[in-house]
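The values are calculated or read from the model by the stated rules, or taken from the named source; none is laboratory data. Because the structure is predicted, anything quoted here is derived from the model rather than measured. Every residue, glycine as well, gets a Cβ built from its backbone with ideal geometry; the counts of neighbours run over all protein chains shown. What goes into the accessible areas is simple: the full protein's heavy atoms, side chains included, and nothing from ligands, DNA or RNA. Shrake-Rupley method; radii C 1.70, N 1.55, O 1.52, S 1.80 Å.
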Amino acid sequence: MTTTAPIGADADLPAGAPSPGAGDARPPRREDRHRPGTGLLFVLPFLIVFALFLVWPVVHGLWMSFTDTSLAIRDTTFVGFDNYAEAFGDPDVWSSLGNTAVFTLISCVPLVLVALAMALLVHSGLAGQWVWRLAFFAPYLLPVTVVTLIWTWLYQPDLGLGNQLLTTLGLEPVGWLSDEAVTMWAVAALTVWWTVGFNFLLYLSALQSLPSTYDEAAALDGAGAWRRLWSVTLPQLRRTTVLVAMLQILASLKVFDQIYILTKGGPNGSTRPILEYVYDVGFTGYRLGYASAVSYLFFALVIIVSVAQLRFFRKED
Amino acid sequence: MSSSFPARQVRRPREPGPVHGVSRRGILRSGLAGAGALAAAGSLAGCASPASASGASDLNVWDLFQGGDGMLMDEMIEAVSAGPDGFSVERTILDWGPSYYTKLAMSAAGGRASDVAVLHLSRLAGYAPGGLLDPFDLDLLAEFGVSEKDFTPAVWSRTQHAGTVYAIPLDVHPFIVFYDREAADRAGLLDPAGELAPMGSPQAMLDAGKALAEATGGSGILFGHVTDTAQNWRQFAALYAQTGASFTLPDGGPPDIDVDAAVRVVDFMKQLFDGKTNPNNLDYNGAMANFLGGRGGMVMLGEWELPTLKKSGIPLGAAPFPQVFDRPAVYTDSHSFVLPHQKDPDPDRRREAHRYIAQIIKQSLTWASAGHIPAYQPVLAEPGYTALHPQSSYADAGEVAVLDPPNWFVGAGSNFQNRMCQPLQAALMGNASAEKAVRQMIREADTLLRQPNPVA
């Protein structure tokens, strides 16, 4: 434990300096450092919960992925890499991974761009600030079931608002939840509406903390609004964009609930994300061992994506 | 010794809600029970009275009946709880669907399941072979007045695994058609008695759809299947069984399916729901809403929608799923009672469980008011049942009931039904040919068959 305390910090203290308790004005930092157990005690409750509900399941899940564990039967046998071999050859694994990738792609781009646009609009000094902030953020507060229920009705083929609007405009109605080519877009639209408020808030707070001096200087030099946006504001938002994009990609990869409620992965499996496949196999099909193997493959993939992202953004920085 | 006296001593009012673990109420009630036992001054000792048998507690019952069904089940439990031989029941209602079956399997695998649970008969093959269910003692049931002869062969044959009975059916709930009597009359589809006349051929059904569409000025036959995980399969299974072909799922695969018959059926489904006369893009709620709004003359649904439809004020008729191919067949499932596996069952409680199931089944006239067909045949003969309308008009469906082909992965709320529905939906929406849809169904079934059985 003592290594966590910067030893060098002691160097500037004269040898035999009075202890902080002896009426010294210095904050009592040294004492903490020299009683290693104290901090641990405070984080112990967290550590217990962390170990019990995160570390242990992760380790146990890894073990299960090498067995034929069933939800309904006690006996299990070690099957080695059989589950992994099966997963690699399982077309449903690949198709649902593909669906997850497509969803991530078509949801992340608008979730970043729309959030940025909304934040810039609000920051530009629209009248009635609080109305915009509330309106943009409000959907984020709704639970997934409510959001999905609302959108199920919007997407109703002949009663829903979506098709009503299209037919009023003289366009053909769309099978929002039944056309394989459309449904993933419908899911992405719902997701953007529902969650863009969070990214919007991140952008807005970043915008509000930017020093105005650069902008003013550029304006004095004669830069127009677009020029300042491109050359002054956006570069300063770089770090926020990296953060928003990384969080968003991870969130989109983990998509499950809205799809499960809205389409159950249909039509014809075209929106089933990998996590729904894990759920289907593990809980509806009882094959926990195999479901664990699939989820570990996905876990590995998520880690690879995260590390790649980190490298990519760091290089550009 | 008569069981009535001590039973009265310890019988407590039934309370809904979850019961597992020790609740404050549970402790209070145990205390009361203990006081009652003391008051009885030892007369309880050695007495196999129902509720005091294991010194504890009420009969634990799990089911998945919510809404109107749930209220009816409450009524039935109340009825069997009255009187000196009444039961004291702790009912736990769980959300219907895959999650119910996950929980039931887990509780049985742990050996600490409820005394009685409800299971769709179509699910039996996933539960009985793996030892998740305990067998019934038929002699005991006979003692309480329930035996094989009280059920139709079509249903009774599905209660067994390896010759042993694991389930006692409460009802048969077929996939049927509801229709607007006035619209059907205008379309000339009623027989002289005012009931839906038999169809008899695919063409007749197509014509009926056109006639109904004209009569309503909207759609003819409504069917909600988009994003649904069971509806397409129910319809396909009914029509396929009508062709007389067999659909079996032997372990290890491949599935035994008559491809020609299946293609014929899907072709007919596509024709029927062509998107013009009969819409092909409705989801379940959309079909309900259209029928309730008078924008369709007939709707294909489970009979369990009867209470909702009745409330609408539509002059409602109901009929078994129309026969259009060679023989009558109706897709059906059945709520049945099972004894989930207990590691160390108390014989007296087991006896009580048998008695409880026998008593509840005899109450199924109440159950029938929601639209379900009682599986217990003596109830069908009661005048009270024949007076139920339109229930009695599809009561015969139990005779030609067709359930899912047995295997561990099939049945209500299963992956199998979902996987069968998806290609069928694509076909109905016009995104796939009948042949392609059937090929995909066979492929999906084969994939499931080649998986190791996780419950055996």
>> What does the extension gain come out to for A:GLU172 and A:TRP230, with contour length at 0.36 nm per residue minus their alpha carbon separation?
In response: 17.0 nm
> Name the residues of segment A:137-154 whose accessible area falls by at least 20 Å² when all protein chains are present instead of the chain alone, probe 1.4 Å?
Replying inline: A:TRP153
> Over the protein assembly as shown, what percent of the accessible surface lies on carbon and sulfur atoms, probe 1.4 Å?
Replying inline: 62
>> What distance in nm lies between label points placed 7 Å from Cα along the C-beta direction at A:PHE256 and B:GLU75?
In response: 4.0
> In the full protein assembly as shown, how much of A:VAL55 is accessible to a 1.4 Å probe, in Å² to the nearest 10?
Replying inline: 60
> Under a 1.4 angstrom probe, counting protein chains only, how are B:GLU303, A:GLU216, B:GLU214, B:GLU382 ranked by accessible area, largest first?
Replying inline: B:GLU214, A:GLU216, B:GLU382, B:GLU303
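Which whole number gives the average, over all residues in B:410-418, of C-beta atoms from other chains lying within 10 Å of the residue C-beta? Present the calculation step by step, with values, prior to reporting the outcome.
Values: counts 0, 0, 0, 1, 2, 6, 2, 0, 7.
Counting Cβ atoms of other protein chains within 10 Å of each residue's Cβ and averaging gives 2.
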>> Can you give me the solvent accessible area of A:GLU86 with a 1.4 Å probe, rounded to the nearest 10 Å²?
In response: 70
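First obtain the Kirkwood hydrodynamic radius of chain A from its Cα pairs, then insert it into the Stokes-Einstein equation at 20 °C and 1.002 mPa s, and state the resulting D in µm² per second as a whole number.
Values: Rh = 24.2 Å.
In µm²/s, the coefficient rounds to 88.
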> segment B:152-222: D in µm²/s via Stokes-Einstein (Kirkwood Rh, Cα pairs, 4 °C, 1.567 mPa s)?
Replying inline: 87
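Counting heavy atoms of the protein chains only and a 1.4 Å probe, report the per residue accessible area for chain B as a whole number of Å². Show your work: numbers first, answer last.
Numbers: 17000 Å² over 456 residues.
Result: 37 Å² per residue.
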>> Can you list residues from other chains, or at least 5 along the same chain, whose modelled amide H is less than 5 Å from the amide H of B:ASN60?
In response: B:GLU90, B:ASP115, B:VAL116
> When the Karplus curve 6.51 cos²θ - 1.76 cosθ + 1.60 is applied with θ = phi - 60°, which whole-Hz ³J(HN,Hα) does each residue of segment A:297-304 get, with x for Gly and Pro?
Replying inline: 4, 5, 4, 4, 5, 4, 5, 4
>> Run the simple label-point estimate for A:ARG239 and A:LEU134 please: 7 Å along Cα→C-beta, distance reported in nm.
In response: 3.3
>> List residues of segment A:247-279, by number, whose backbone nitrogen lies under 20 Å from a label position 7 Å along Cα→C-beta of A:TRP94.
In response: A:268-278
>> Give me Rg/Rg_expected for segment A:73-207, where Rg uses Cα atoms only and Rg_expected = 2.2 N^0.38 Å with N residues.
In response: 1.43
> How would B:ASP95, B:ASP74 rank on accessible area, largest to smallest, probe 1.4 Å?
Replying inline: B:ASP95, B:ASP74
> Roughly how many nanometres apart are two label points built 7 Å out from the Cα toward the Cβ at B:SER99 and A:LEU161?
Replying inline: 2.7
>> On a straight-distance basis, which aspartates and glutamates could pair with B:LYS149 in a cross-link, Cα separation under 14 angstrom, same-chain partners fewer than 8 positions away excluded?
In response: B:ASP139, B:GLU399
>> Taking 0.36 nm per residue of sequence separation and subtracting the Cα-Cα distance, how much length would be gained by fully extending the chain between A:VAL144 and A:ILE48, in nm to one decimal?
In response: 31.6 nm
>> What are the extents of the Cα atoms of the protein assembly as shown along their three principal axes, in Å, largest first?
In response: 99, 80, 53
> Given the protein assembly as shown, what percent of its DSSP beta bridges are antiparallel, to the nearest 5?
Replying inline: 65
> Other chains' Cβ within 10 Å of A:267-273 residues: what's the mean?
Replying inline: 5
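Tally the DSSP beta bridges in chain B and give the antiparallel ones as a percent, rounded to 5.
Details: 28 of 43 bridges.
Approximately 65 percent, going by the DSSP bridge assignments.
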> What lysines sit close enough to B:LYS103 to cross-link, taking a C-alpha to C-alpha distance under 21 Å and skipping anything fewer than 8 places away on the same chain?
Replying inline: A:LYS264, B:LYS343
>> I'd like the distance between the alpha-carbon centres of segment A:243-284 and segment A:42-108, rounded to an integer number of Å.
In response: 15
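Assuming R0 = 56 Å, what is the FRET efficiency of B:ASP274 and A:VAL58, from their Cβ-Cβ distance, to the nearest 0.05?
Working: r = 52 Å, r/R0 = 0.93.
Using R0 = 56 Å, I get an efficiency of 0.60.
Could you provide, to the nearest whole Å², the per residue accessible area of chain A with probe 1.4 Å?
Working: 18040 Å² over 317 residues.
Here the per-residue accessible area is 57 Å².
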> Rank B:ASP115, A:ASP215, B:ASP256 by accessible area, highest first, at a 1.4 Å probe radius?
Replying inline: B:ASP256, A:ASP215, B:ASP115
> If one takes the accessible area of chain A alone plus chain B alone and subtracts that of the pair, with a 1.4 Å probe, what total in Å², rounded to the nearest 100, results?
Replying inline: 2700
> Which shape class applies to segment A:225-317: rounded if a/c is under 1.5, otherwise prolate when a/b exceeds b/c and oblate if not, where a ≥ b ≥ c are the square roots of the Cα gyration tensor eigenvalues?
Replying inline: oblate
>> Looking at chain A as a GNM with Cα springs under 10 Å, which of A:PRO157, A:PRO45, A:PRO110 has the largest mean-square fluctuation?
In response: A:PRO45
>> Taking only complete DSSP H runs, can you tell me which helices of chain B stretch 18 Å or more along their own long axis by Cα positions and average at least 0.5 on the Kyte-Doolittle scale?
In response: B:259-272
> Probe 1.4 Å, all protein chains in place: accessible area of A:ASP68 in Å², nearest 10?
Replying inline: 70
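How shielded is A:276-285 by partner chains, expressed as the average number of their Cβ atoms within 10 Å of its Cβ atoms? Please report the intermediate quantities before stating the final value.
Working: counts 0, 0, 0, 1, 4, 3, 2, 8, 11, 12.
Average neighbour count from other chains, rounded to a whole number: 4.
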